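The values are calculated or read from the model by the stated rules, or taken from the named source; none is laboratory data. Just so we're clear, the structure is a prediction, and the values are computed from it rather than from any experiment. With ideal geometry, Cβ positions are generated from the backbone for all residues, glycine too; neighbour counts draw on all protein chains shown.
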Amino acid sequence: MAKELRLGIAGLGVASNAIIPAVVEHTNVELAAGADVRENALAQFRAEYGAKTFASVEAMCASGDVDAVYVCTPNRFHCENVISAAEHGKHVIVEKPMALTLDECERMNAAAEKNGVLLLCGHSKAFDVPIRKMREIVVGGELGKLGMINTWNYNEFMFRPRMPQELDPAQGGNVVYNQGPHQVDIVRLIGGGMVRSVRAMTGVWDASRRAEGAWAAYVEFEDGTPATLVYNGYAHFDTCEFTAWIGEGGQRRHPDTNLRARAAIRSAADETALKESRRYGGSGEWARQAHGESGERDHGQRTFGLTIVSCAHGDVRQSPEGLFVYADDAKREIPLPPGRNARQAEIDELYQAVAMGQPVYHGGRWGEATLEVVLAIMESARERREIRMSHQIPSPE
């Protein structure tokens, strides 16, 4: 069967190592092109996939060889790259965070709507099967009214190799911009989407890495449901202890990943070289090195930290194979199929929307609402006050 959607990858960095296999594996999506400023990455891309290559995202967007563009360039370029794609009539998936400001989100959404193209905001842990099942349980009412949501993640994110700009908050380089959309999407999906307000504090705890690496946030929904979001990327405790050492990729995570991550960061030059090795075209084994995973086949559900949903008649949390339900009368486990990873799910969502007219659930307005909460975490921490929301939309059903 001929491929029906030709996809171009904007930015052959670390993220592209996860995106490219998801595209190649899709029955109806063709890996048609790639754009990057590094000729070595473009040369490998041409040799490996026989796809067209471009030295700029703008040139790829102008090409007649692509129907859609996956934007995974550095955060500060998301807005201009999405607008370029939209103005050339290309559908778009944009990597999280959607942008750096709400004004950029408005411009991106306006460009997509004006040019009649679809804009999907990926990659998000709200695509994960256990999180969707939690939402289904809440909507179905089998455990009664939703009472609260708590989601926590402790890992080594701040000690994964970084380029200097990735530790510059002005360029979207901190843990709130990069990991906040995951947690915010999780609680927004489960809680119904409509966040009323945010109160938070962030932490910068390492003098050599002057970017926020931790936060604690209290989120209140319009109906009064509270949620807490806690993230600590400083490589000490690991929440995978609670999930049988199954990590966010669904694979076994090494118990000493945090120690290894800290030990690997010796100097700025070493760190830059190590990061370069993990980008597409580099020499590193990205999946193994970046997340401390074994590289073996999936062992269970993907777990982005630990999420607990509390209802009037029970609590629900992830298990290695699905969900544990602690009800009034008994504890039980709900086994769940592994499902597609977030990259596969978002590519398929775009394909289904383009080819079959299905709705885009994680569209530009959803992404803007998520970024509003992410920005509020940082604003609340700076100003030591509660921040009210004004761009929220309901959870997609």
Notebook entry, point to check: So which residues in region 217-259 are at pLDDT 95 or above, more than 20 Å from the chain's Cα centre (by Cα) and either over 21 Å from residue 319 (Cα atoms) or surrounded by 21 or more Cβ atoms within 10 Å (Cβ to Cβ) (or both)?
Noted result: 218, 220, 221, 222, 223, 224, 225, 226, 236
Notebook entry, point to check: Looking only at region 75-133, which residues are charged (D, E, K, R) and closer than 30 Å to residue 300 by Cβ?
Noted result: 95, 96, 125, 128, 132, 133
Check: So residue 74 clears everything in (1) under 14 Å from the mean Cα position of the chain (by Cα); (2) under 26 Å from residue 339 (Cα atoms); (3) not assigned by TED's automatic domain parsing to the domain that holds residue 177 except one condition, right? Which one?
Finding: (2)
Note to self: List pairs: first residue in region 108-134 and without any contact (Cβ under 8 Å) to a residue 60 or more places away in the chain and more than 12 Å from residue 342 (Cα to Cα), second residue of a type in the set (Val, Ile, Thr) and in a helix (DSSP H, G or I) anywhere in the structure, Cβ distance under 9 angstrom, at least six positions apart or on different chains.
What the structure shows: 110/83; 111/82; 111/83
Note to self: I'd like the full set of residues that are out of contact with any His (no Cβ under 9 Å at 6 or more places or on another chain) and either in a strand (DSSP E or B) or closer than 14 Å to residue 228 by Cα (or both), limited to region 152-180.
What the structure shows: 152, 180
Notebook entry, point to check: Among the residues of region 377-396, is there at least one that is under 12 Å from residue 181 (Cα atoms) and not in a loop (DSSP other than H, G, I, E, B)?
Noted result: yes
Margin query: Checking the conditions here, which among 344, 358 is polar (S, T, N, Q) and outside any loop (DSSP other than H, G, I, E, B)?
Written below: 344
Check: Of the conditions (1) surrounded by fewer than 21 Cβ atoms within 10 Å (Cβ to Cβ); (2) in a loop (DSSP other than H, G, I, E, B); (3) not assigned by TED's automatic domain parsing to the domain that holds residue 314, residue 144 fails just one. Which one is it?
Finding: (3)
Notebook entry, point to check: How about region 37-94: which of its residues are within 17 Å of residue 281 (Cβ to Cβ), basic (Lys, Arg) and crowded, with 16+ Cβ neighbours inside 10 Å?
Noted result: 38, 52
